[in-house]
Each structure stands twice: as structure tokens, then as C-alpha cells.
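Contents: one structure, followed by commentary.
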Amino acid sequence: MTSLRKTALVAGVFYLITFISIPSLALYGPVKTHRDYIISSGADTGLLWGGFLEVIVALAGIGTAVTLYPVVKRQNEGIALGFVATRTLEATMIFTGVVSLLSLVTLRQDLGGAAGADAASLVTTGASLVAIHNWTFVLGQSLMPGINALLLGSLMYRSGLVPRVIPLMGLIGAPLLITATFAQLFGILAQDSAPWPRSPRFRWLLGSSRLASIWSSKALNPPPSQLEWSLPAPRPPTATSPSNSRKHGRAHQGPGRCPPPGTRPGPLRTAPCPAHLTPVPGASPAVQGGVSPG
């Protein structure tokens, strides 16, 4: 297995791991639908599992960027570095949302059922923590994936490591996802207003799963024409290189220097080297150099 195949396999696995957070949408149901969740009773197992899955997703997102960076930087190092930065920022936002929900769990366990606790203040605090998670979800898992798609899609489209229709779909869908996110930001669209099968996030998951499957299968055996871009171009031989000197049957020599005695003169030298001629007493320098005065 070549290094490129290993990179494609690891990147595909990391992308597949990012889908394990899908059950968190259902696990977060009680805290999203019940405003007084913080003062209610019951287990917090579902909420904790949802936070755990999102942590795994955040780490896997960074893993995809770090794994692909050595490959995509050959196309454009600046864009490749930007992809790593946006993936890291996405993971930071996910962690922030998880921390807000874990703080909600702590307040529920410590103060939710305590005697004399201010229920109204606790409900307000709980709603604030849920709002933080909602907005970090919008920015971290809707806006940032769109930006990631623009960066990675452009790099993959140039490289040809995957069928170009795949990054092209990302380059078309990413602006739509970014536009929908800003529409939610300015109140034009409500958060999660569209039905799940028709929501941009669901279509994004379908496209990402397709990309992961391509990397895990077809990208493992790219044709040789797609591997040429990753290999350094051969350096053409120079006129003074040792290989070129041996090709012409003479030793390497710099400009203005004579070949060693006993070697065969090159095709461009028609007269013997003056340094190797025996001096003739009383002869002029021109005759000693092998050049006739007339």
C-alpha cells in the first residue's frame, strides 16, 4: 500500500467517524424541548453521551485536516493551511457547545433539586446555556463546514485525486449552506426550520458520506496519471553535469579548462590544448599553441 493510499484510507476513516454525532440530535431532545430541564429530575445519560459523541467528532475533524495537509499542500500551501485552521476553529466551537451543556448538567445535579433554590434564575441560566449550544452548532457545524468545503473542494478539484464531480458538488453546495447559515443569523430563517430530509445539513451529510466512501475506495487506487502531480519533475541534464560529460566521452570540465592529458578531446575542440604541447625553442607563442601565423 502506497503512502497516498494510506492517507486516503485514514482520511476516509476520519470522515466516517464524524457521522457518529448524528444520534446526538435525538439525545439532546429533552434539553432542547423542555425549558425547565434544569430543575426537573431524571438521568442525564443521554446528554452526556451526546456530548461525548460531539467531542469525538471535533477530534476527528482535526484529524481529517492534519491527514490531508501533506497531500493538498502540494496544490496550494496557503489554502491547505487555511483548511487546517478552519477545521480547528470548527472543533473549538463544538467543544464550546459541549461545555455549555455539561455546565447545564452540573447545575441540574447540584442546584436543580436543592431546597430554596431560585427556580426562575435556574431556568434562565439553563436557557442561556442551551442558546449558547444552539448558536455554536449553527456556526461550528453549519457555517464552518461550508467554508471547509470551499477550501478542500478547490484543492481536490485541482489535484484530480477523486472524480471531479465530487468536489464540484461541494463547491456548489457550500455557498448555499453558508447563505442559509447567515439567513439564520439575521433571523430570515429559523434554526432547523426545514424538515430534516430537506434541510441543507442533511444534504451536506449525504455529500460528505459520498466523499468519505470515495476516499476509502477509489482514491486508494488512483490511476498513474493522477499520481504524476505528486512526484517531483525530473531535472534536465545540464551541459556541465557529470552525466553529460560522460555521455560525450570526456571528463567534467569547467569553462576555459583543458581536459586531463591522455583524454580524448571533445567534439567542439579541433586543436590540441596549448597547455599539453611541448614548447619549441625559438617559436612564437602562436606556433606553440598550434595556430599557424598565416
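The values are calculated or read from the model by the stated rules, or taken from the named source; none is laboratory data. Nothing here was measured: the structure is a model prediction, and the numbers come from that model. Ideal geometry is used to build each Cβ from the backbone, glycine not excepted, and the neighbour counts take in all protein chains shown.
State whether one or more residues within the range 2-13 are small (Gly, Ala, Ser), surrounded by 16 or more Cβ atoms within 10 Å (Cβ to Cβ), touching a Leu at 6+ places or on another chain (Cβ under 7 Å) and closer than 16 Å to Leu155 by Cβ. Yes, because at least one residue in the range 2-13 is small (Gly, Ala, Ser), surrounded by 16 or more Cβ atoms within 10 Å (Cβ to Cβ), touching a Leu at 6+ places or on another chain (Cβ under 7 Å) and closer than 16 Å to Leu155 by Cβ.
For (1) of a type outside the set (Gly, Ala, Ser); (2) farther than 27 Å from Ser100 by Cβ, each residue gets a yes or a no:
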site	(1), (2)
Leu4	yes, yes
Leu9	yes, yes
Gly12	no, yes
Ile17	yes, no
Pro23	yes, no
Tyr28	yes, no
Ile38	yes, no
Ala43	no, no
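Within the span defined as the range 121-144, every residue fails to be at pLDDT below 85, of a type in the set (A, V, I, L, M), buried (at least 21 other Cβ atoms within 10 Å of the Cβ) and on the phi < 0 side of the Ramachandran plot.
Just to be sure, is Thr124 closer than 18 Å to Ser40 by Cβ and either among the β-branched types (Val, Ile, Thr) or not in a helix (DSSP H, G or I) (or both)? Criteria met by Thr124. Taken across the range 64-81, residues that are surrounded by fewer than 19 Cβ atoms within 10 Å (Cβ to Cβ) and more than 27 Å from Leu176 (Cα to Cα) do occur, with at least one present. Screening Ile166 on (1) of a type in the set (A, V, I, L, M, F, W, C); (2) at pLDDT 85 or above; (3) part of a helix (DSSP H, G or I) shows it passes everything except condition (2).
For the range 10-29, how many residues meet the condition of being part of a helix (DSSP H, G or I), touching a helix residue (DSSP H, G or I) at 6+ places or on another chain (Cβ under 6 Å) and either of a type outside the set (Gly, Ala, Ser) or closer than 21 Å to Ser128 by Cα (or both)?
9
Only residues that are modelled with pLDDT of 90 or more and not in a helix (DSSP H, G or I) were counted across the range 37-47, and they come to 1.
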